[in-house]
Amino acid sequence: MPVAAVFLPLLGSIIAGFFGRFIGDRGSQLVTCFAMVASAILAVILFVDVALHGQSRVVDLFTWMDTGDLQVQWALRFDTLSAVMVCVVTIVSTMVHIYSVGYMSHDHSIPRFMSYLSIFTFFMLMLVTADNFVQMFFGWEGVGVASYLLIGFWFDRPTANAAAIKAFVVNRVGDFGFALGIFAVFYLFGSLQFDTVFGAAPEISKATLNFLGHDYPALTVTCLLLFVGAMGKSAQLGLHTWLPDAMEGPTPVSALIHAATMVTAGVFMLARLSPMFEYAPGALATVVVVGGTTAVFAGSVGMAQNDIKRVIAYSTCSQLGYMFFAAGVSAYSAAMFHLMTHAFFKALLFLCAGSVIHAMSGEQDMRKMGGIAHLVPATYILMWIGSLALVGIWPFAGYFSKDMILEAAYAANSGVGYYAYWLGIFTAFLTAFYSGRLIFMTFHGKPRASHEVMHHAHESPGVMLWPLVLLAIGAVCAGFLGFHYFVGDGREHFWHEAILVLPANDTIERAEELPFWVGKLPLAVGILGLGLSWVAYIWKPSLPVATAARFRTLYLFLLNKWYFDEIYDFLIVRPLFALGVGLWKKGDGALIDGLGPDGLAATTRRISVGASRLQTGYLYHYAFAMLIGVVVLVSWYLLFPIGG
């Protein structure tokens with residue numbers, strides 16, 4: 001059963017990818033959707049068996065590498081952490097597959113698209129069921145390749161190609177750090193098996209690494225290198241620039257990448273490696289600072305975006321910041337709780353956005369929407385459910401998970417903990433404001449689209465709406481259903497040995513003793529943010545324009561995403577491009593080719609051309625040459641007589 005749950009998406013991808021032209025569009029859709037439904041059902045059964053009944057297991061498949069001291073098994077690790085991820089990934093991916101049947105119905109490459117979706121899911125499942133670092137890296141890189149294919153699916157669009165390349169390159173930066181971290185793990189522990197490494201972590205925590213004459217805590221350096229990989233995959237500040245551009249892919253791709261799969265890989269990695277990070281306090285503090293800063297950065301940028309998908313994309317980046325600083329204060333279970341709830345309401349929001357785009361004939365600019373609530377009533381209601389869950393309004397899922405993260409940050413009782421808490425509170429306000437802004441600009445007010453677009457606006461078909469309904473149920477119920485097991489009284493039994501938290505770092509335990517206002521402040525600022533968005537976009541619709549004009553510098557700063565792309569372009573892209581052109585023109589062209597192959601060829605050609613000019617075909621030229629030869633020979637004899 002564990003093997004089938006993981007490998008069924010791969011089987012569906014192979015059939016749709018290699019035999020799509022024979023089984024057709026409908027056949028490809030049926031094969032991949034059936035494989036995903038079966039995988040999701042098996043994942044739920046495994047979740048009950050492993051997480052609720054405590055039947056953890058490792059399924060050995062075969063020996064992958066055995067050379068010298070390096071021995072790597074290919075095995076599927078099923079503990080509570082893996083079971084949660086497999087369940088969430090397969091359920092969300094199944095909804096995306098089914099939704100894609102309707103959304104991509106007019107595309108010319110349906111089998112290829114369905115195959116890409118399934119192979120993406122398979123690589124994610126390989127990542128979360130890995131039993132060692134090499135297997136995790138295999139899934140890690142596989143997800144990166146599949147995301148490149150999905151983001152650039154419409155390869156006839158230059159913007160899609162550029163976005164796919166950008167995602168691939170930026171992730172390679174993070175993956176380089178991840179690879180260095182894996183090398184460091186093998187150097188320190190002599191093994192890449194999780195159980196061996198985790199068991200030796202307390203002893204290795206005392207070791208040091210000497211670099212340029214200075215000693216550094218070995219485990220902290222290793223964890224920081226691994227964290228760089230997590231930053232790239234989960235779009236944390238500095239390595240986040242690929243995430244908004246990934247919106248160039250089809251909307252189902254956005255939902256799959258930004259909900260429960262690729263971007264949550266970094267959060268999962270931190271939870272999986274908690275037995276290492278717990279003994280590296282410096283690395284944990286770094287995670288908190290990066291996560292808190294990312295949350296407020298992405299929340300502020302989301303306030304000024306006009307593309308409906310980009311607003312939700314920056315929301316994803318912001319929520320990932322919450323998950324990261326939760327892990328940084330050792331509230332790994334709260335991070336996983338928010339990962340699970342976020343998967344439902346964020347997939348719901350992206351697919352609702354796709355439904356809006358479908359209704360508006362491909363339009364994504366919210367400034368060209370408005371007044372469509374009565375035309376797409378089901379999408380409107382479902383979008384509200386997803387938004388309220390994102391904002392954290394009771395009793396929706398986000399209320400339970402996000403509030404627990406903020407309480408744990410405050411309970412850390414440290415400088416970085418308070419830093420994350422107050423930035424998280426401000427981010428909660430920003431989240432509520434841009435969520436309300438999205439709803440009101442898209443569905444309310446006067447129609448701003450053309451008459452033709454409004455005339456053709458219509459609700460999505462059932463094959464697109466039913467997955468939204470199921471995700472909405474998760475967005476409503478996942479919070480109070482999972483609270484007891486993930487972060488409540490049952491968490492110790494639920495997580496049994498899947499996550500390690502040292503007693504001194506148990507912030508979730510200490511969160512129960514916090515003042516009342518600490519836990520309720522996020523809800524209050526969420527309601528305040530929604531109220532202010534109603535004032536700005538319904539009651540006083542002229543207010544946003546006046547505010548943007550009044551604070552134009554700040555508005556442009558947020559609209560241009562803190563100018564990260566421009567800074568990177570100036571500091572990195574242009575210098576490297578100029579260096580590349582210089583090496584190409586001057587180094588390769590002028591120096592190497594000029595003196596090497598091209599130079600020798602050109603010299604030989606010049607000599608040949610000169611020699612060919614002697615062969616003119618005129619008799620008097622040859623007679624003159626012979627005469628000159630005779631004169632030279634006679635002159636030589638007279639000047640240098642033989643034997644003289």
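The values are calculated or read from the model by the stated rules, or taken from the named source; none is laboratory data. Since the structure is predicted, the reported quantities are computational estimates derived from the model, not experimental observations. Cβ: placed from backbone, ideal geometry, glycine included. Neighbour counts: every protein chain shown. Accessible surface is based on the protein model in full, side chains and every heavy atom, while ligands, DNA and RNA are left aside. Shrake-Rupley method; radii C 1.70, N 1.55, O 1.52, S 1.80 Å.
Hey, can you grab everything whose amide H is under 5 Å from the amide H of Leu500? Only 5+ residues off in sequence or another chain; H modelled, so Pro and N-termini drop out.
Hits under the 5 Å cutoff: Ser274.
For Trp517 paired with Phe18, estimate the spin-label separation in nm (one decimal), with each label point 7 Å from Cα along the Cα-to-Cβ line.
6.5
Taking the 0 to 90 degree range and rounding to the nearest ten, how far is the long axis of helix 377-391 tilted relative to the main principal axis of the chain, both from C-alpha atoms?
For helix 377-391, the angle is close to 90 degrees.
Largest first, how would Glu459, Glu513, Glu497 line up by accessible area (1.4 Å probe)? Each step should come with its number before you reach the end.
Numbers: Glu459 45, Glu513 155, Glu497 175 Å².
Ranked list, largest accessible area first: Glu497, Glu513, Glu459.
Rounded to the nearest 500, what is the 222 nm mean residue ellipticity of the chain from helices alone, with -39500 (n - 2.57) per DSSP H run of 4+ residues and division by all residues? It would help to have the intermediate numbers written out before the result.
On the way: 28 runs with 448 residues, N = 644.
Computed mean residue ellipticity for the chain: -23000 deg cm²/dmol.
Below 8 Å, C-alpha to C-alpha, sequence gap of six or more: please give me the relative contact order for the chain in percent.
On the way: 1073 pairs, mean separation 78.3, N = 644.
RCO, the chain: 12 percent.
Using 0.36 nm per residue of separation minus the Cα-Cα distance, give me the extension gain between Val634 and Lys368 in nm, one decimal. Kindly include the intermediate steps, with their values, before the conclusion.
On the way: separation 266, 0.36 × 266 = 95.76 nm, distance 9.73 nm.
Gain on extension, Val634 to Lys368, equals 86.0 nm.
Net charge near Val463: determine it from the other residues with C-beta under 15 Å of the C-beta of Val463, scoring Lys and Arg +1 and Asp and Glu -1. Walk me through the numbers before you get to the answer.
Working: positive: Arg26; negative: Asp25, Asp107, Glu459.
Within the 15 Å Cβ shell, the charges total -2.
Can you give me the C-alpha center-to-center distance between the stretch 304-365 and the stretch 126-157, rounded to a whole angstrom?
20
Which value, in Å², gives the accessible area per residue of the chain when a 1.4 Å probe is used on the protein heavy atoms?
Values: 27570 Å² over 644 residues.
Result: 43 Å² per residue.
How much accessible area does Asp565 have with a 1.4 Å probe, in Å² rounded to the nearest 10?
In the full protein context, Asp565 sits at about 40 Å².
Could you work out how far helix 397-411 tilts from the main Cα principal axis of the chain, as a 0 to 90 degree angle to the nearest 10?
Value to nearest ten degrees: 80.
If I take every Cα pair under 8 Å that is 6 or more residues apart in the stretch 298-347, average their sequence separation and divide by the length, what percent do I get for the relative contact order? Let's see the in-between values first.
Working: 30 pairs, mean separation 13.9, N = 50.
Here the relative contact order equals 28 percent.
Roughly speaking, to the nearest percent, how much of the chain's 1.4 Å accessible area is carbon and sulfur?
Details: 19200 of 27570 Å².
Ligands and nucleic acids excluded, carbon and sulfur reach 70 percent.
Along the charge dipole of the chain, pointing to its positive end and built from +1/-1 on Cβ of Lys, Arg, Asp and Glu, which listed residue (Val290, Ser318, Asn306) has its Cα farthest out?
Looking along the dipole axis, the top candidate is Asn306.
Which net charge results when you count Lys and Arg as +1 and Asp and Glu as -1 among the other residues whose beta-carbon is under 14 Å from that of Phe396?
Numbers: positive: Lys346, Lys402; negative: Asp403.
So the environment of Phe396 carries a net charge of +1.
Averaging sequence separations of C-alpha pairs under 8 Å and six or more residues apart, then dividing by the length of the stretch 1-126, give the relative contact order as a whole percent.
On the way: 174 pairs, mean separation 47.9, N = 126.
Answer for the stretch 1-126 is 38 percent.
I want to check the label-to-label distance for Ala378 and Ala601. Put each point 7 Å from Cα in the C-beta direction and report it in nm to one decimal.
6.5
Along the Cα-to-C-beta direction of Trp422, a point sits 7 Å from the Cα; which residues of the stretch 326-350 have their amide N less than 20 Å from that point?
Output list for this probe position: 326, 328-329.
In degrees between 0 and 90, to the nearest 10, how far off the longest principal axis of the chain does helix 516-534 point, with axes built from Cα atoms?
With rounding to tens, the tilt is 70 degrees.
How much length is gained on full extension from Val609 to Met1, taking 0.36 nm per residue of separation minus their Cα-Cα distance? List each step's numbers first, then the result.
Values: separation 608, 0.36 × 608 = 218.88 nm, distance 7.67 nm.
So the extension gain works out to 211.2 nm.
Considering lysine pairs in the chain that are 8 or more places apart or on different chains, how many have Cα atoms under 28 Å apart?
Close lysine pairs found across the chain: 28.
What does the extension gain come out to for Trp154 and Ile572, with contour length at 0.36 nm per residue minus their alpha carbon separation?
Details: separation 418, 0.36 × 418 = 150.48 nm, distance 2.77 nm.
Stretched out fully, the Trp154 to Ile572 stretch lengthens by 147.7 nm.
Give me the net charge for the shell around Ser300: Cβ to Cβ below 15 angstrom, other residues only, Lys and Arg +1, Asp and Glu -1.
Values: positive: Arg310, Arg437, Lys561; negative: none.
That sum, taken over residues with Cβ under 15 Å, equals +3.
Enter the Cα centre distance for the pair the stretch 416-431 and the stretch 102-122, rounded to the nearest angstrom.
Each part's Cα centre sits 38 Å from the other's.
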